[in-house]
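Visitor: Here you go, one structure.
The values are calculated or read from the model by the stated rules, or taken from the named source; none is laboratory data. The shown structure was predicted, so the numbers you read here are calculated from the model rather than taken from an experiment. Because the Cβ atoms are built from the backbone with ideal geometry, glycine has one as well, and the counts that use them run over all protein chains shown.
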Amino acid sequence: MGWLVNSLFFARVLFILLLATAAWYLQPFDLPGPYAAAAIGFVFGLAIVFFEIEVRKTTLKRLFGAAFGSLLGILGAYLISLILAHAIPANSATLSFVEILLLMWMGYVGLVVGASKGEMLNLGALGGLFGGEQTSSQSFKILDTSVIIDGRIADIVETGFMDGTLVIPQFVLRELQLVADSADSLKRNRGRRGLDILQKIQKMTQLHVQILEDDFPNVHEVDMKLIELAKVYNCKIVTNDFNLNKVAQLHGVEVLNINELANALKPIVLPGETMRVFILKEGKEYNQGVAYLDDGTMVVVDNAKKMISRTIDISVTSVLQTTAGKMIFGRFDERVHAVHDKSQAHSDRPAVPREQQPSSAGAHPTEARGSGVTATG
């Protein structure tokens, strides 16, 4: 993408210089000298380049709507001018001024209204070059800073469940770089992790990664810039930010939430089923033990206080879905379910840091801090 940006910059500079040279050589508008003509050409070149930059931010539908609206406005102004020619004496300054006023007024109104209503056009119905316009725009997915730092997007891409083009706006890269350059070591490590994830995704062949230079200077918040960019390209935002998810939905922008995907992929457990868990610590209630599944789901087991640091089979009694995630409640009965030895327990259970393990069977740590794991949501 870097060579494309540099090529576009040099093309714009070359265009402005050529226009200034042509004005210097031809000297239009009866200008007093070649330098004044070159200055006029240079100003016109800057204006055209500025117009081109603004046009690139809009969609093909808006361009078609603006062009069609302008044509209708110019046609309406011409028809009205034919009528006014019979009411106002010909070759008068008043008639000329009214004709110019009508042309500019109706042309401008047609341009603005056509651009605002351009998203209602269905270019796919025209077929040909426009047949795949809707499909190609929907295949774009914009990555948020939070989902890049999270890192799970790389695993999803690697599995092949995501297609199309991943779009990374330049303002997201700037925010990620600011986080990576932060004085806080935690933020700095998160930012560097995000940059490493982007490099990992770029090396994958399943998807095409595109960096967009589009920006919205009048919008200061990165979340609102993402929403405006999604509106322009009519595509989806990939995030795990709960607030961005809600705001984007209010603006009519589709969102792919990684956390919602993770919750949807959790195994369904029904009451009465038997499952094998490793009792990590004591529960808050009497004679309870607490275990965690591989995905972080909390399992509260009755009659399991004496089974801490052991792997046991339990019977599921109920499943509770909360705002913080899913919780599973079960019961252990020595007469029915098996108790596995420690060697098998260590091979079955996930590795737990030493500082998170209870110091003794009689310890009663706080659930939120004793395990370092919470129910995922």
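Visitor: Inside region 197-215, can you point out the residues that are over 15 Å from the mean Cα position of the chain (by Cα) and surrounded by 15 or more Cβ atoms within 10 Å (Cβ to Cβ)?
Guide: Result: ILE197, LYS200, ILE201, LEU207.
Visitor: For the structure I just gave you, tell me whether VAL109 is touching a Leu at 6+ places or on another chain (Cβ under 7 Å), assigned by TED's automatic domain parsing to the domain that holds PHE9, surrounded by 15 or more Cβ atoms within 10 Å (Cβ to Cβ) and β-branched (Val, Ile, Thr).
Guide: Judged against the criteria, VAL109 is not a match.
Visitor: Test each condition in (1) under 16 Å from LEU212 (Cα atoms); (2) assigned to a helix (DSSP H, G or I); (3) touching a residue at least 12 places away in the same chain (Cβ under 8 Å) for ARG174 and report the one that comes out false.
Guide: Going through (1) under 16 Å from LEU212 (Cα atoms); (2) assigned to a helix (DSSP H, G or I); (3) touching a residue at least 12 places away in the same chain (Cβ under 8 Å) one by one, ARG174 breaks only (3).
Visitor: Something else: Might you check whether a residue that is at pLDDT 80 or above, loosely packed, with under 14 Cβ neighbours inside 10 Å, assigned by TED's automatic domain parsing to the domain that holds MET104 and part of a helix (DSSP H, G or I) occurs anywhere in region 55-68?
Guide: There is no residue in region 55-68 that is at pLDDT 80 or above, loosely packed, with under 14 Cβ neighbours inside 10 Å, assigned by TED's automatic domain parsing to the domain that holds MET104 and part of a helix (DSSP H, G or I).
Visitor: Across region 229-246, what is the number of residues that are basic (Lys, Arg) and either outside the structural domain of ILE156 (by TED's automatic domain parsing) or over 21 Å from ASP155 (Cβ atoms) (or both)? It would help to see each step written out before you state the result.
Guide: Taking region 229-246 as the starting set, the residues that turn out to be basic (Lys, Arg) are 231, 236, 246.
Checking the rest, the ones that are also either outside the structural domain of ILE156 (by TED's automatic domain parsing) or over 21 Å from ASP155 (Cβ atoms) (or both) come to 231, 246.
Within region 229-246, residues that are basic (Lys, Arg) and either outside the structural domain of ILE156 (by TED's automatic domain parsing) or over 21 Å from ASP155 (Cβ atoms) (or both) number 2.
Visitor: Take ARG12 and decide whether it is charged (D, E, K, R), modelled with pLDDT of 80 or more and either within 25 Å of GLU228 (Cβ to Cβ) or in a helix (DSSP H, G or I) (or both).
Guide: Values: charged (D, E, K, R): yes; modelled with pLDDT of 80 or more: yes; either within 25 Å of GLU228 (Cβ to Cβ) or in a helix (DSSP H, G or I) (or both): yes.
In short, yes.
Visitor: Being in contact with a strand residue (DSSP E or B) (Cβ under 7 Å, 6 or more places away or on another chain) and modelled with pLDDT under 85 is the filter here; which residues of region 112-160 pass it?
Guide: Step one: filter region 112-160 for residues in contact with a strand residue (DSSP E or B) (Cβ under 7 Å, 6 or more places away or on another chain), giving 139-144, 146-147, 153.
Selection gives SER139, PHE140.
Visitor: So, in region 17-45, of the ones that are in contact with a Pro (Cβ under 8 Å, 6 or more places away or on another chain) and part of a helix (DSSP H, G or I), which residue ends up surrounded by the most Cβ atoms within 10 Å (Cβ to Cβ)? Explain how you work it out, then say what you get.
Guide: Of the residues in region 17-45, the ones in contact with a Pro (Cβ under 8 Å, 6 or more places away or on another chain) are 24-25, 27, 37, 40.
Going one step further and asking which of them are part of a helix (DSSP H, G or I), we end up with 24-25, 37, 40.
On the way: TRP24: 19, TYR25: 11, ALA37: 21, ILE40: 18.
Ranking the qualifying residues of region 17-45, first place goes to ALA37.
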